[in-house]
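The values are calculated or read from the model by the stated rules, or taken from the named source; none is laboratory data. Quick caveat: nothing in here was measured; it's all calculated off a predicted structure. Neighbour counts are summed over all protein chains in view; Cβ atoms, including those assigned to glycine, are modelled from backbone coordinates with ideal geometry.
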């Protein structure tokens, strides 16, 4: 990728470039696509642009690459955030993002080597939650809340019963049935 960058004229190297490398199952390169050309300190790369060629060429893996004209080989917050989105979109379209490289004329940084990918894969940002899973979690929460409320009502009913209150009053105050109150 540095050789590709060096082919640019000196003026073009002062802009950020964003490439996508598409790979097959055996990690054979299917394509190298320039997706965006930006300013000195940023480049826009939207998920549809990044994954379009991968989907078209049947890539199953991708490596993201962009340059820092400044020569700084550090991942900015914007770089990390964009990588996070691309990993999550890749999961949806079934194209695994293997790494994001930041290159300069003299070196490179691999986000995998820096441990950034592990953190991004574990965080909950940009996750699409399956509808059924979301409904299940909501239903589970409702059931847990109902059980907690029922436990509280039972504890209150026990105290009321110890104080000699009648079943009708306990039923009215706690919402328990007379049968549940008798069992206490």
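If you filter the range 96-120 down to residues that are farther than 25 Å from residue 30 by Cα and touching a residue at least 40 places away in the same chain (Cβ under 8 Å), you find that the one that is surrounded by the fewest Cβ atoms within 10 Å (Cβ to Cβ) is 116. Criterion applied to 50, 89, 93, 60 was being buried (at least 20 other Cβ atoms within 10 Å of the Cβ) and assigned by TED's automatic domain parsing to the domain that holds residue 29, and the one residue passing it is 50.
Annotation note: of 84, 118, the sole residue that is closer than 21 Å to residue 55 by Cβ and either under 16 Å from the mean Cα position of the chain (by Cα) or modelled with pLDDT under 90 (or both) is 84.
Residues being under 18 Å from residue 110 (Cα atoms) and modelled with pLDDT of 90 or more: count how many of those fall in the range 30-72. Counting residues in the range 30-72 that are under 18 Å from residue 110 (Cα atoms) and modelled with pLDDT of 90 or more gives 6.
Just one of the numbered conditions (1) surrounded by fewer than 11 Cβ atoms within 10 Å (Cβ to Cβ); (2) under 30 Å from residue 174 (Cβ atoms) is not true of residue 124: (2).
Matching residues to (1) at pLDDT 80 or above; (2) under 30 Å from residue 79 (Cβ atoms); (3) surrounded by 14 or more Cβ atoms within 10 Å (Cβ to Cβ):
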residue: 130; (1), (2), (3): no, yes, no
residue: 138; (1), (2), (3): no, no, no
residue: 163; (1), (2), (3): yes, no, no
residue: 170; (1), (2), (3): yes, no, yes
residue: 183; (1), (2), (3): yes, no, no
